[in-house]
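Visitor: The structure follows.
The values are calculated or read from the model by the stated rules, or taken from the named source; none is laboratory data. Note that the structure is a prediction, hence the values are computed from the model and not measured. Note that we place each Cβ from the backbone using ideal geometry, even for glycine, and neighbour counts take in every protein chain shown.
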Amino acid sequence: MSALPPQNTPSAKIDVSAQEWRLRVDLAAAYRLVALHGWDDLIFTHLTVRVPGPEHYFLINPYGMLFDEITASSLVKIDLAGNKVSESPYEINPAGFTIHSAVHAAREDAQCVMHIHSLNGIAVSAQKDGLLPISQQSLFVLASLGYHGYEGVALNAEEKPRLVADLGNRVFLMLRNHGLLTASATVADAFLAMYIFETACAIQVKALSGHRELISIAAPILAGIQSQAAQVTRGLGGALVWPGLLRKLDRCNPGYDQ
């Protein structure tokens, strides 16, 4: 069944808590920002956020809707078994469910999980040496990066424990031959992490294309990068940049908060 046009989606605001509605607005904004940056791969990637409460419900995109169309009300609420737990005319991406349910079940701290198929991210994921310490952006990622080997399209539940083990307690996971994943406490933090991850990959692709010897950053600098990152963001992380990103969406693609 094809997805309903977003303008025909009934508002969910009166049916959910204020906290869930705020999360819906932030996640819908993140989907539109992913589209704005060109990371969306049409409809074939996915971002999720856990709904507060003991049930382990989380929100995911309506499968078939373009990311720049997604609204807070159109997001689908599902449980860890992939069942819809509130009325929705939309289906979900089964591969998205496999990856995100695994992380949400294992990581209480990972309230938001983002997975994208960006061109630069996939390019670096296919390089044997992975992400290289050649840019400031790469250091932020390397301080908390895991790798997960490719096992085919993520439809097999048996892959879940291996994916979770490879992520561990890290923020960043490079899915070999596949793409990038970030896991963090808020939508804003997960999006900022993904922006830095993709930027580090883009820099590496460009640097390698120059066919010149690269300068690696010394290991002792990497050791202190996390405390430096906290200073740069004033301890706020993604919350420092998130209001500005929402203002940008309000100017160029409003309606995500409907």
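Visitor: Mind checking which residues of region 156-182 are part of a strand (DSSP E or B) and of a type outside the set (Val, Ile, Thr)?
Guide: Within region 156-182, PHE172, LEU173, MET174, LEU175, GLY179, LEU180, LEU181 meet the criteria.
Visitor: Going by the conditions given, is VAL103 touching a strand residue (DSSP E or B) at 6+ places or on another chain (Cβ under 7 Å), more than 26 Å from VAL205 (Cα to Cα) and either surrounded by 21 or more Cβ atoms within 10 Å (Cβ to Cβ) or not charged (D, E, K, R) (or both)?
Guide: Answer is yes for this residue.
Visitor: Going residue by residue through region 211-220, is there one that turns out to be under 20 Å from the mean Cα position of the chain (by Cα) and loosely packed, with under 14 Cβ neighbours inside 10 Å?
Guide: No: region 211-220 contains no residue that is under 20 Å from the mean Cα position of the chain (by Cα) and loosely packed, with under 14 Cβ neighbours inside 10 Å.
Visitor: With respect to ASP109, is the statement that it is touching a residue at least 60 places away in the same chain (Cβ under 8 Å), closer than 18 Å to GLY179 by Cα and assigned to a loop (DSSP other than H, G, I, E, B) true?
Guide: So ASP109 fails the test.
Visitor: If you don't mind, another one. Which residues, taken from region 183-197, are assigned to a strand (DSSP E or B) and either of a type in the set (A, V, I, L, M, F, W, C) or under 8 Å from the mean Cα position of the chain (by Cα) (or both)?
Guide: Result: ALA183, single match.
Visitor: Scanning region 79-99 for residues that are farther than 19 Å from ARG32 by Cβ and touching a Leu at 6+ places or on another chain (Cβ under 8 Å), which turns out surrounded by the most Cβ atoms within 10 Å (Cβ to Cβ)?
Guide: So the residue we want is ILE99.
Visitor: Which pairs have Cβ atoms under 8 Å, sit 6 or more apart or on different chains, and link a residue in region 77-104 that is under 19 Å from TRP21 (Cβ atoms) to one that is at pLDDT below 85?
Guide: If the second residue must be at pLDDT below 85, the pairs left are ILE78/PHE97; TYR90/ALA3; TYR90/LEU4.
Visitor: Given VAL187, VAL171, VAL205, which one is over 30 Å from SER74 (Cα atoms) and either of a type in the set (Asp, Glu) or surrounded by 14 or more Cβ atoms within 10 Å (Cβ to Cβ) (or both)?
Guide: Numbers: VAL187 fails: over 30 Å from SER74 (Cα atoms); VAL171 fails: over 30 Å from SER74 (Cα atoms).
The unique qualifying residue is VAL205.
Visitor: Only one of HIS115, HIS100 is under 16 Å from the mean Cα position of the chain (by Cα), on the phi < 0 side of the Ramachandran plot and either polar (S, T, N, Q) or in a helix (DSSP H, G or I) (or both); which?
Guide: The match here is HIS100.
Visitor: Shifting gears a bit: Starting from region 217-233, keep only residues that are in a loop (DSSP other than H, G, I, E, B), then list their pairs with residues that are surrounded by 12 or more Cβ atoms within 10 Å (Cβ to Cβ) and modelled with pLDDT of 75 or more whose Cβ atoms are within a distance under 6 Å, requiring at least 6 positions of separation or different chains.
Guide: Pairs that qualify, where the first residue is in a loop (DSSP other than H, G, I, E, B) and the partner is surrounded by 12 or more Cβ atoms within 10 Å (Cβ to Cβ) and modelled with pLDDT of 75 or more, are ILE217/PRO133; THR233/LEU240.
Visitor: Being at pLDDT 95 or above and farther than 21 Å from THR71 by Cβ is the filter here, so list the residues in region 217-243 that pass it.
Guide: VAL241
Visitor: Any idea which of (1) within 30 Å of VAL25 (Cβ to Cβ); (2) surrounded by fewer than 21 Cβ atoms within 10 Å (Cβ to Cβ); (3) among the small types (Gly, Ala, Ser) is the one ALA154 doesn't satisfy?
Guide: Among (1) within 30 Å of VAL25 (Cβ to Cβ); (2) surrounded by fewer than 21 Cβ atoms within 10 Å (Cβ to Cβ); (3) among the small types (Gly, Ala, Ser), ALA154 violates only (2).
Visitor: Also, quick follow-up: Does PRO254 satisfy being part of a helix (DSSP H, G or I) and out of contact with any His (no Cβ under 6 Å at 6 or more places or on another chain)?
Guide: no
Visitor: Which members of region 36-76 meet the condition of being outside any loop (DSSP other than H, G, I, E, B) and in contact (Cβ under 8 Å) with a residue 40 or more places away in the chain?
Guide: LEU36, HIS46, LEU47, THR48, VAL49, ARG50, PHE58, ILE60, ASP68, GLU69
Visitor: Any idea which of (1) at pLDDT below 95; (2) assigned to a helix (DSSP H, G or I) is the one VAL141 doesn't satisfy?
Guide: If we test VAL141 against (1) at pLDDT below 95; (2) assigned to a helix (DSSP H, G or I), just (1) comes out false.
Visitor: Next question. Which of the residues that make up region 118-138 are small (Gly, Ala, Ser) and either at pLDDT below 95 or part of a loop (DSSP other than H, G, I, E, B) (or both)?
Guide: SER118, ALA126, GLY130, SER135, listed by residue number.
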